[in-house]
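**Student:** Quick one: the structure is below, and I'll ask about it shortly.
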Amino acid sequence: MAEVASDSAGNGGDGPTDQVLVLRAQSGDYQAFDRLVTRHRGKIYAMIVNMIHNDADAWDLAQDAFVKAWKALPKFENRAKFSTWLFRISHNVVYDWMRKKKIKSEGELDDHMLDSSKIDSTARTAPKIPARPDEQLAQNERREEIENALSQLSDEHRETILLREVQGMEYTEVADIMQCSKGTVMSRLFYARKKLQTLLKP
């Protein structure tokens, strides 16, 4: 199978593009898929842990998402964006798990960190937080406020905020991942922002 992109194009010079790695992985190259995992696991883990607020379960679900991605890879059409496809698989894994655990949308979440910028994309699980004690205290207090506010949103509104505001995705990408219309994404985002603004007032 011919590679349709150069090794460095579209990836900030950080090795082959996702498209190239996907083609290699689809041809049975396990190392290529491992590079895809290494490249995307930080954001996938950050998304999942911010949804379910449990480190151990989040890592297990991230692993499950990558296993499902590997199994489904032969069917992946490389015209699509690999990261969006991977987030959609992760979305389904999380919601399946939540249904099985019967986790409600409010009042049953543990307090954990919400700050994807602190997630080391090369780490297996651990967020990196290099800060002075006084800075860390202020950050922890603010994160607790954000966590409390997010825990009062529905699962759908919380995920929409995380994908759009934390992961920085386009509306169309969020709609693809959550399997809804762009209008629904915009509506959920409007409601979630309005609710958070009310909850996070000084």
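The values are calculated or read from the model by the stated rules, or taken from the named source; none is laboratory data. As the structure is a prediction and not an experimental result, all values here were calculated from the model. Please note: Cβ atoms are built from the backbone with ideal geometry, for glycine as well, and neighbour counts cover all protein chains shown. The protein model used for the area step is the full one, side chains on, heavy atoms only, and it has no ligands, DNA or RNA in it. Shrake-Rupley method; radii C 1.70, N 1.55, O 1.52, S 1.80 Å.
**Student:** Can you pull out every residue in segment 165-184 that is part of a loop (DSSP other than H, G, I, E, B) and crowded, with 16+ Cβ neighbours inside 10 Å? Let's see the steps before the verdict.
**Tutor:** Quick first cut of segment 165-184, residues part of a loop (DSSP other than H, G, I, E, B) only: 167-170, 179-181.
Correct list: Gln167, Met169.
Quick grid of which residues meet (1) surrounded by fewer than 16 Cβ atoms within 10 Å (Cβ to Cβ); (2) under 18 Å from Asp57 (Cα atoms); (3) among the acidic types (Asp, Glu); (4) at pLDDT 50 or above:
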position	(1), (2), (3), (4)
Val93	no, yes, no, yes
Lys128	yes, no, no, no
Ala131	yes, no, no, yes
Gln136	yes, no, no, yes
Asn140	yes, no, no, yes
Thr160	no, no, no, yes
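**Student:** Tell me whether segment 41-55 contains one or more residues that are over 14 Å from the mean Cα position of the chain (by Cα), over 23 Å from Arg99 (Cβ atoms), modelled with pLDDT under 95 and crowded, with 21+ Cβ neighbours inside 10 Å.
**Tutor:** The answer is no; no qualifying residue exists.
**Student:** For a quick check of your reading: which helices (runs of 4 or more DSSP H) sit entirely within segment 12-88 and have at least 3 residues that are polar (S, T, N, Q)?
**Tutor:** 30-52
**Student:** Here's another thing I want to ask about it. Which of the residues spanning segment 1-40 are among the small types (Gly, Ala, Ser), open to solvent by less than 30 Å² (accessible area, probe 1.4 Å) and modelled with pLDDT of 90 or more?
**Tutor:** Across segment 1-40, the qualifying residues are Ala25, Ala32.
**Student:** Kindly check whether there is at least one residue in segment 89-99 that is touching a strand residue (DSSP E or B) at 6+ places or on another chain (Cβ under 6 Å), assigned to a helix (DSSP H, G or I) and among the aliphatic types (A, V, I, L, M). Even if it seems obvious, please write down each step before you answer.
**Tutor:** Restricting attention to segment 89-99, the residues satisfying the condition of being touching a strand residue (DSSP E or B) at 6+ places or on another chain (Cβ under 6 Å) are none.
Within segment 89-99 (the criterion being touching a strand residue (DSSP E or B) at 6+ places or on another chain (Cβ under 6 Å), assigned to a helix (DSSP H, G or I) and among the aliphatic types (A, V, I, L, M)), the answer is no, since none of the residues qualifies.
**Student:** Give me the pairs: first residue in segment 66-85 and touching a residue at least 40 places away in the same chain (Cβ under 8 Å), second residue in a loop (DSSP other than H, G, I, E, B) and open to solvent by 30 Å² or more (accessible area, probe 1.4 Å), beta-carbon distance under 8 Å, and six or more apart or on different chains, which are they?
**Tutor:** Asn78/Val4
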